[in-house]
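Structure first, commentary second.
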Amino acid sequence: MDRGEKRNLWSALGNGLRGRCPRCGRAALFRSYLKQVDSCPECHENWSEIRSDDAAPWLTILIVGHVMAPVMIAMSKSGRFAPWEMSAILIPVLIGLCLLVLPRAKALFMGAIWALRAQSS
Ligand SMILES: [Zn+2]
């Protein structure tokens, strides 16, 4: 790893959002749903020391909450849905959105941490 290389934050964030290595964008960043690879098979960047910790769940809740709160309020105010109907619709949607956003949020923070050289080690 070259400590003096110039790192582009926006490129790292974009690659991370696509689930790709924030450095090169050519290989997958995760080997399973949320388990990052130890190092990139293409550029050999070490990803094992970069941890986003609680930032990814925080961002996931922030995004999903802001997307779904207006929907929940609109459904509630419309009076068309019984509480059990709202639960039957909203709970799977909320779970699905969280599952969709969480790995992208983790990759986004990993890209930012790498680009800004902010890892704690
Ligand atoms: Zn790479």
Original post:
Across segment 64-98, what is the total count of residues that are open to solvent by 70 Å² or more (accessible area, probe 1.4 Å) and either touching a residue at least 12 places away in the same chain (Cβ under 8 Å) or farther than 23 Å from Leu17 by Cβ (or both)?
Top reply: 13
Original post:
Do we have any residue at all in segment 12-21 that's buried (at least 16 other Cβ atoms within 10 Å of the Cβ), part of a loop (DSSP other than H, G, I, E, B) and in contact with a Leu (Cβ under 6 Å, 6 or more places away or on another chain)?
Top reply: yes
Original post:
Does segment 35-79 hold any residues that are among the small types (Gly, Ala, Ser) and away from the ligand (no atom under 16 Å from the Cβ), and which are they?
Top reply: Ser52, Ala55, Ala56, Gly65, Ala69, Ala74, Ser76, Ser78, Gly79
Subject >> Count - residues of segment 24-60 that are touching a Ser or Thr at 6+ places or on another chain (Cβ under 9 Å) and open to solvent by 30 Å² or more (accessible area, probe 1.4 Å) >> reply: 6
**OP:** Out of the residues in segment 69-94 that are assigned to a helix (DSSP H, G or I) and among the small types (Gly, Ala, Ser), state the one that is farthest from the chain's Cα centre (by Cα).
**Re:** Ser78
Subject >> Selection within segment 23-34 - closer than 14 Å to Gly111 by Cα and either under 17 Å from the mean Cα position of the chain (by Cα) or more than 12 Å from the ligand (Cβ to nearest atom) (or both) >> reply: Arg23, Gly25, Ala27, Ala28, Leu29, Phe30
Original post:
Only one residue in Ser52, Ser32 is in contact (Cβ under 8 Å) with a residue 40 or more places away in the chain and in a loop (DSSP other than H, G, I, E, B). Which one?
Top reply: Ser52
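The values are calculated or read from the model by the stated rules, or taken from the named source; none is laboratory data. None of the values given here were measured: they were computed from a predicted structure. All Cβ positions, glycine included, derive from the backbone under ideal geometry; neighbour counts span all protein chains shown. The protein model used for the area step is the full one, side chains on, heavy atoms only, and it has no ligands, DNA or RNA in it. Shrake-Rupley method; radii C 1.70, N 1.55, O 1.52, S 1.80 Å.
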